[in-house]
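Taking it in order: structure first as structure tokens, then the write-up.
The values are calculated or read from the model by the stated rules, or taken from the named source; none is laboratory data. Just so it is clear, the structure is predicted and the values come from calculations on it, not from any experiment. Methodologically, a virtual Cβ is constructed for each residue, glycine included, from the backbone with ideal geometry; neighbour enumeration extends over all protein chains shown.
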Amino acid sequence: MRVRHVPGSAAQLIVAVAFLAVALAACGGSSAPKVKAQQRGMTDDIGGVPEDKEFKEIAVALPPYPEDSGLLKFQLRRNSPNRFYVDRSSISIGTDRVVRFSAVIKSASGAVNTSYEGMRCKTSEYKVYAYGAQNGEWRQAHDSQWRWIERSSADFHFTLYKDYFCDLEAIAGRNEKDLIANLKGNPLNNATDKGRGTCRLGDPAC
């Protein structure tokens, strides 16, 4: 049998190709786990924009006790014998994005319930900081915690959330003046729920 002579340069090329083929085969059969690089847009960094920092409530100081001259009446989402008010001078928007206000409810029998509260539009929650006492002073609430706003037309918190203070998860205004303007206006013009009740002439709730 005649052996064909292969030039040195060609032999080196053949050896290199064979070595490369063996290396590729070894990589293909490797069982080592593949590590996926972390990408933006995942849970820790939604859409490339960092998520909001954890909510931290600011220190709250109770406002002056409400006076009748500063009360703004608002319409509940259903007819009620009670009358509902917010003290305009108590309305504030904190740096923690909480809307705080004094609420006053007057019953047909003359009873008055007063409370100082906060509302978080982003989470649909409210919190009572203090209740009004008979001597016209504040009494700290014993169980002050954030509570879910029930989707009920009989709950004045839902009325304030839906029609006056919030726009979905955002505050329905740039500042306190905007919220006061909302209370002074007609919520039916901007109501998203067309099934809410109306205030009839002659009704003591009007």
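Determine, yes or no, whether Ala141 is out of contact with any Pro (no Cβ under 6 Å at 6 or more places or on another chain), modelled with pLDDT of 95 or more, over 28 Å from Ala181 (Cβ atoms) and surrounded by 12 or more Cβ atoms within 10 Å (Cβ to Cβ).
In short, yes.
Before we move on, is Arg139 touching a residue at least 60 places away in the same chain (Cβ under 8 Å) and either among the basic types (Lys, Arg) or at negative phi (or both)?
no
Might you check whether a residue that is of a type in the set (Asp, Glu), assigned to a strand (DSSP E or B) and more than 25 Å from Pro64 (Cβ to Cβ) occurs anywhere in the range 151-173?
Scanning the range 151-173, I find at least one residue that is of a type in the set (Asp, Glu), assigned to a strand (DSSP E or B) and more than 25 Å from Pro64 (Cβ to Cβ), so the answer is yes.
I'd like to verify a number: residues in the range 91-119 that are of a type outside the set (Phe, Trp, Tyr) and within 19 Å of Ala181 (Cα to Cα), how many?
Total meeting the criteria: 13.
Just to check your reading of the model, which residue among Phe84, Phe165, Phe101, Phe156 is in contact with a Ser or Thr (Cβ under 7 Å, 6 or more places away or on another chain) and hydrophobic (A, V, I, L, M, F, W, C)?
Matching residue, one of Phe84, Phe165, Phe101, Phe156: Phe101.
Which of the residues spanning the range 77-134 are among the polar types (S, T, N, Q) and in contact with a helix residue (DSSP H, G or I) (Cβ under 7 Å, 6 or more places away or on another chain)?
Within the range 77-134, Ser89, Ser92, Ser102, Ser124 meet the criteria.
Count, please, the residues in the range 60-92 that happen to be surrounded by fewer than 19 Cβ atoms within 10 Å (Cβ to Cβ), part of a loop (DSSP other than H, G, I, E, B) and either out of contact with any Leu (no Cβ under 9 Å at 6 or more places or on another chain) or not polar (S, T, N, Q) (or both).
Number satisfying all stated conditions: 10.
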